[in-house]
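Read the figures in this text as sums done on the coordinates, not as results from a lab. Small disclaimer: the values here were computed from a predicted structure and weren't measured.
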Amino acid sequence: MAISIEQPELVDYNVENERQRSVEEFYQLNHINQTYDFVKRMREEYKKLNRVEMSIWECCELLNEVVDDSDPDLDEPQIKQLLQTAEAIRKDYPNEDWLHLTALIHDLGKVLLLPSFGGLPQWAVVRDTHPLGCAFDEYIVHHKYFKENLDYNNPSYNTKYGIYSQGCGLENVVMSWGHDEYMYLVAKENGTTLPQVVLFIVRYHSFYPLHKAGAYEHLMNKEDQENLKWLKIINKV
């Protein structure tokens, strides 16, 4: 009787090694270039909201032109991912319509990669975010590259609290620039009537050092603590 032997799945280590190199290069560029002054300049430039005017749905469709190198599902349309996330949230929380909308819009800021929105480099748009104006926490991925950041040796910025104070509230903290911060600015500067928790989720959903490792909790206030519970719901999907 012939015995069928199942062959193990082959792993292309060249592809995997290339991916790892790409990820590390991303964080190197991100950690070197994301300075307090850089973020302040970007906020001032993009809060003008003078680039494109469109509906939320038009922006969702535009996102299909975006290539996020950090996304493992590069072949899947971005809009499909948005809808799947929103639908999953709707099933679990049918009465929280604001949360469904949050799931739909939270990644729309990735349009920053497109020419009409400035065509910013990947390191200034996607992946993790972190505070500026205080010490870089060791839980931030590839922390070693911060040594080349201009803020690293700045005595005003390199202590635990830096320019902030205990419980000052995350709303008062300058975050690294990316799609989270941009979408937050768009909503805020347009005078959104959505609940404050929506802005919190949009702005901090990539703030992984906080919601995965508890870093920077000393800067949070009570409202932040409550909002964080909802943010973790979105990030589980």
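What to note about this one:
- Distant alpha-carbon pairs in the stretch 14-172 (separation over 20 angstrom), percent: 62
- With 21 Å as the limit on Cα-Cα distance, the pairs of K40/K236; K80/K236; K47/K110 that go past it are K40/K236.
- In the stretch 184-237, Cα pairs under 8 Å separated by at least six residues give a relative contact order of 40 percent.
- With Cα atoms defining each centre, the stretch 88-115 and the stretch 164-214 are spaced 15 Å apart in the structure.
- As a length-normalised measure over Cα pairs under 8 Å and 6 or more apart, the relative contact order of the stretch 53-157 settles at 21 percent.
- Residue-averaged [θ]222 nm for the chain, counting only DSSP H segments that reach four residues, each worth -39500 (n - 2.57): -13500 deg cm²/dmol
- Shape call, the stretch 105-237: gyration tensor on alpha carbons, a/c limit 1.5: oblate
- Highest-fluctuation residue, H130, H143, H205 considered, GNM on the chain with Cα pairs under 10 Å: H143
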